[in-house]
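Chemist: Following this message is one structure expressed as structure tokens.
What follows draws every value from the coordinates through simple rules; no lab data is involved. In this text, all values refer to a predicted model and were calculated from it rather than measured experimentally. All Cβ positions, even for glycine, are placed from backbone atoms using ideal geometry, and neighbour counts span all protein chains on display.
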Amino acid sequence: RSGSSDYAKTKFEVNFIKNILSKSTKEILYKPYYSKRYLGIALELQEIERHKNIKITGSELDLRYLLSNTSLIITSRATSTASWCIFSKRPMIFIDTIDNRLNKIAKPLFKEGLFYFDVFEKNWEKKIINFLSKPLKEIELLWKNKFDKNQLLLEYLGSKNTETNYYKILQKNK
């Protein structure tokens, strides 16, 4: 499936920046995914310029090289991006979006092992704003309590055993 249009993805990002990230009291480093398809500045980058608490990485470096400088990661892409974020062992928020839904296998793993927010849940924006307003120390403590469960994700992604598959994990954890 190809997902939604570039317009819909940009609209989501702009609204996320405007309605959620800008409301945080924390300093936020935003990693854009540059596209060479269109001329001119990206709308999400224009939106970031309006908010003092959000900075752009200013680099087209792959995310995996930037993770060591983060305290909390927010992503909405279940691609290699999510894998790098999970393997960083940093507290991670995953947003299940309209255009990039997790499948039936991945969704319960992400819900259990990460801080999970679903755009189809009532008041999801309010919930994530409340979560982001917590002190970082509290988020890290919540993460430590989740992180044992995160081993399931690490196994599912194949870091421990190349023969690991979802069926084996389900059987082992029943």
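Chemist: Pull out the extension gain between Ile56 and Lys11, defined as 0.36 nm times the separation in residues minus the alpha carbon to alpha carbon distance; nm, one decimal. Could you put the intermediate results ahead of the total?
Modeler: On the way: separation 45, 0.36 × 45 = 16.20 nm, distance 1.78 nm.
Length gained between Ile56 and Lys11: 14.4 nm.
Chemist: Please compute the length gained on full extension between Glu121 and Ile98, using 0.36 nm multiplied by the number of residues separating them and subtracting their Cα-Cα distance. Walk me through the numbers on the way to the answer.
Modeler: Details: separation 23, 0.36 × 23 = 8.28 nm, distance 1.13 nm.
Result for the pair: 7.1 nm of gain on full extension.
Chemist: Another one. Pairs of lysine in segment 72-150 with Cα under 17 Å and at least 8 positions apart or on different chains: total?
Modeler: The number of close lysine pairs in segment 72-150 is 16.
Chemist: Separate question: In the neighborhood of Glu27, defined by Cβ-to-Cβ distances under 11 Å, what is the net charge if each Lys or Arg adds +1 and each Asp or Glu adds -1? Please report the intermediate quantities before stating the final value.
Modeler: Details: positive: Lys26, Lys52, Lys55; negative: none.
Its environment carries a net charge of +3.
Chemist: Find how much the distance from Arg90 to Asn130 grows on full extension, using 0.36 nm per residue of separation minus their present alpha carbon separation; answer in nm with one decimal. Mind showing how you got there, number by number?
Modeler: Working: separation 40, 0.36 × 40 = 14.40 nm, distance 1.94 nm.
Contour length minus Cα-Cα distance gives 12.5 nm.
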